[in-house]
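Step one of this worksheet: look at the structure below.
The values are calculated or read from the model by the stated rules, or taken from the named source; none is laboratory data. Since the structure is predicted, the reported quantities are computational estimates derived from the model, not experimental observations. Cβ sites come from the backbone with ideal geometry, for glycine too, and all protein chains shown count toward neighbours. Surface areas here come from the heavy atoms of the whole protein model, side chains and all, with no ligands, DNA or RNA. Shrake-Rupley method; radii C 1.70, N 1.55, O 1.52, S 1.80 Å.
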Amino acid sequence: MDKILVEGGQPLSGEAKVSGAKNTILPLMATAILCDGPLILGNIPRLKDLVTMARLLQHMGGRADMDGERAELDLSSLTSPVAPYEVVKTMRASSLVLGPLLARHGEARVSLPGGCAIGARPIDLHLKALESMGARIDLDGGYVVARAPAGGLKGARIHFETVTVTGTENLMMAATLARGRTVITGAAREPEVVDTAQALLAMGARISGHGTDEVIIDGVDLLRPASYWAMPDRIEAGTLIAAAAISGGEALLRGVPHAALEAVYSKIREAGVELHEDDDNLLVKAGGPIRSVNIVTQPHPGFPTDMQAQFMALMTIGDKASIITETIFENRFMHVSELNRLGADITMEGRTAVVSGVRRLSGAPMMATDLRASASLILAALAAHGPSEISRVYHLDRGYDRLDEKLASLGARIKRVKD
Ligand code: UD1
């Protein structure tokens with residue numbers, strides 16, 4: 001198992017390019033199930049989760065070739081509409097195949113995901129919505145067994161009481177091949193939902209309203225082969241911004257999706273860090289004191305839960321106290337006790353953390369618990385005096401394209417070693 005060693009205290013300086021977005025490429029790969037031929041995707045980063053999704057599609061009898069930044073997928077001769085437990089337990093987003101399988105093949109057998117480090121994360125809202133499109137859903141041995149009615153899924157009015165990103169994507173994909181019109185209200189407005197809709201439009205789907213909380217989909221008979229270039233990863237960009245900020249350095253980031261990062265930019269600027277936008281480049285300039293800022297995570301366009309841990313790392317060296325409230329996931333504070341081991345002063349009350357800024361963090365061994373928590377520990381290690389060692393970095397590799405290499409290219413003293 002790999003470990004990451006960091007010798008903190010070095011201000012970052014240099015350039016890095018933002019990779020393609022994990023959370024858009026996962027649903028994009030699932031759209032291949034709907035397509036009547038090959039789907040070519042570009043801007044593919046090296047991520048464990050994408051390899052897992054490719055394996056899942058291959059397991060179903062499809063072709064999923066990943067070659068550098070390009071993926072070529074062909075699920076037109078899919079033989080087995082099954083997502084087995086062994087795969088789903090390692091990646092919850094596997095449930096994104098449910099809607100496409102039902103729409104195109106009329107049946108699906110997808111393992112229930114179970115819990116994960118950051119909370120229960122059920123898929124009940126996906127299932128209820130598919131039922132309103134006429135699907136019959138049964139549970140059998142830990143699997144969701146879903147069947148479309150004779151003649152296929154039918155358009156429906158669907159309201160999500162809780163905003164769900166993959167739920168919106170699952171239903172939007174299912175509705176592209178359903179009979180008639182589907183209207184989703186309470187839809188997620190995340191940029192990744194918009195990117196997925198745009199890829200479906202390139203395949204011939206009829207969708208409007210994506211990016212608002214009401215998405216309208218008119219079913220078509222088939223989706224045709226297409227090529228699509230995935231958007232850059234706003235969370236990776238946000239993580240690199242936080243890295244430059246916490247190190248007191250300066251970084252030029254290339255390929256940054258500014259519009260998707262408004263809430264993050266606003267909080268980073270409030271914290272006293274300069275951000276200069278130029279085309280799709282972003283110059284991050286830190287160096288002065290970090291000001292303590294409060295955040296509340298919200299669905300897009302609010303502050304993203306996927307940036308909460310990294311922002312908390314930055315707040316550990318703030319000038320006063322910062323109140324961080326997590327409203328999306330019930331247990332997304334696993335990084336708190338690890339950050340405190342570096343000398344941070346964070347106390348918890350329910351879904352709120354109070355981060356009292358300290359003058360200095362000092363390096364320590366830490367253990368990664370989930371994807372974004374891993375990134376926050378690395379950020380804190382960049383600011384800490386002395387060496388840190390972060391173990392269980394397989395969490396990090398699920399969703400970051402070699403974050404350690406990018407930080408090293410920005411001048412961080414960081415290296416990966418085998419245990
Ligand atoms: C997606 C992102 C994840 C991000 C999250 C919130 C992907 C692959 N993952 O996850 O990185 O942190 O959005 O922005 O895109 N819920 C239910 N029932 C459901 C579905 C969701 O109760 O059927 C709850 C969840 O437990 C959570 C909230 O709704 O409390 C939002 O979750 P959701 O938006 O669905 O997260 P994911 O789509 O799994």
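Based on DSSP H runs of at least 4 residues, each adding -39500 (n - 2.57), what is the mean residue ellipticity at 222 nm of the chain after dividing by all its residues, to the nearest 500 deg cm²/dmol?
Helix contribution divided over all residues of the chain: -9000 deg cm²/dmol.
Mind putting together the pair-distance distribution for the chain? All Cα pairs, 20 Å bins, whole percent per bin, short to long.
So the P(r) values, bin by bin, are 28, 55, 17, 0.
Calculate, in nm to one decimal, what S13 and T79 gain on full extension: separation in residues at 0.36 nm each, minus their alpha carbon distance.
Gain on stretching S13 to T79: 18.7 nm.
What residues qualify as long-range amide H neighbours of S227, i.e. H under 5 Å apart, gap of 5 or more or another chain, H built at 1.01 Å from N?
For S227, whose amide H was placed from the backbone, the distant partners under 5 Å are I40.
I want the local charge near G363. Using Cβ-Cβ distances under 12 Å, sum +1 for each Lys or Arg and -1 for each Asp or Glu among the other residues.
After counting each charged neighbour, the total is +1.
Could you give the size of the charge dipole of the chain about its Cα centre, using +1 on the Cβ of each K and R and -1 on the Cβ of each D and E, expressed in debye and rounded to the nearest 20?
Dipole size: approximately 500 debye.
Using protein chains only and a probe of 1.4 angstrom, how many square angstrom of H276 are accessible, to the nearest 10?
Near enough 80 Å² of accessible area.
Scaled to the compact-protein estimate 2.2 N^0.38 Å, what is the alpha-carbon radius of gyration of segment 104-243, rounded to two decimal places?
Its radius of gyration relative to the 2.2 N^0.38 Å reference: 1.10.
Using the reciprocal of the averaged 1/r over all distinct C-alpha pairs, how large is the Kirkwood radius of segment 214-253 in Å?
Evaluated on segment 214-253, it is 14.1 Å.
Tell me the carbon and sulfur percent of the accessible area for the chain, rounded to whole percent, probe radius 1.4 Å.
With neighbouring chains kept in place, the figure for the chain is 49 percent.
Using the Karplus curve 6.51 cos²θ - 1.76 cosθ + 1.60 with θ = phi - 60°, what ³J(HN,Hα) values do you get for each residue of segment 182-194, in whole Hz, with x for Gly and Pro?
Taking θ as phi minus 60°, the curve returns 10, 10, 9, 10, x, 6, 5, 10, 4, x, 6, 5, 5 Hz for segment 182-194.
Given 0.36 nm per residue, what is the gain on full extension from T185 to E131 after removing their alpha carbon distance, in nm?
17.8 nm
Can you list which of the trypsin sites (Lys or Arg not before Pro) found in segment 318-359 are DSSP loop residues with at most 10 other C-beta atoms within 10 Å?
R359
Once you've got the Cα coordinates, tell me which of K48/K320; K3/K285; K17/K418 are over 32 Å apart.
Those over the limit are K48/K320.
In a Debye calculation with equal point scatterers on the alpha-carbon sites of segment 264-347 and no solvent, what is log10 I(q)/I(0) at q = 0.11, 0.20, 0.22, 0.25 Å⁻¹?
With no solvent term, the Cα-only Debye profile gives -0.32, -0.97, -1.12, -1.30.
How high is the relative contact order of the chain? Use alpha-carbon pairs under 8 Å, at least six apart in sequence, and give a whole percent.
22 percent
How charged is the neighbourhood of E86? Take every other residue with its Cβ under 14 Å from the Cβ of E86, and add Lys/Arg as +1 and Asp/Glu as -1.
+4
Considering segment 1-77, what Rg and Dmax in Å follow from its alpha-carbon atoms?
16.3, 54
Rounded to a whole number, what is D in µm²/s for segment 271-419 from Stokes-Einstein with the Kirkwood radius over alpha-carbon pairs (4 °C, 1.567 mPa s)?
The Stokes-Einstein estimate is 82 µm²/s.
Let me test this: with uniform point scatterers at the alpha carbons of segment 164-243, what is the Debye-based log₁₀ I(q)/I(0) at q = 0.11, 0.13, 0.25 1/Å?
Computed log10 I(q)/I(0) values: -0.31, -0.41, -1.16.
How large is ³J(HN,Hα), in whole Hz, for each residue of segment 343-356 in order, when computed from phi with the Karplus curve 6.51 cos²θ - 1.76 cosθ + 1.60 and θ = phi - 60°, using x for Gly and Pro?
Values per residue, Gly and Pro as x: x, 5, 10, 10, 10, 10, 9, x, 8, 10, 10, 9, 10, 8 Hz.
Roughly how big is segment 155-306's charge dipole about its Cα centre, with Cβ charges of +1 (Lys, Arg) and -1 (Asp, Glu), in debye to the nearest 20?
Result for segment 155-306 is approximately 300 debye, rounded to the nearest 20.
Near the amide H of S292, under 5 Å away, which other amide H atoms are found, from residues 5 or more places off or on another chain, if H is placed in the peptide plane?
Close amide H contacts, sequence-distant or interchain: D319, K320.
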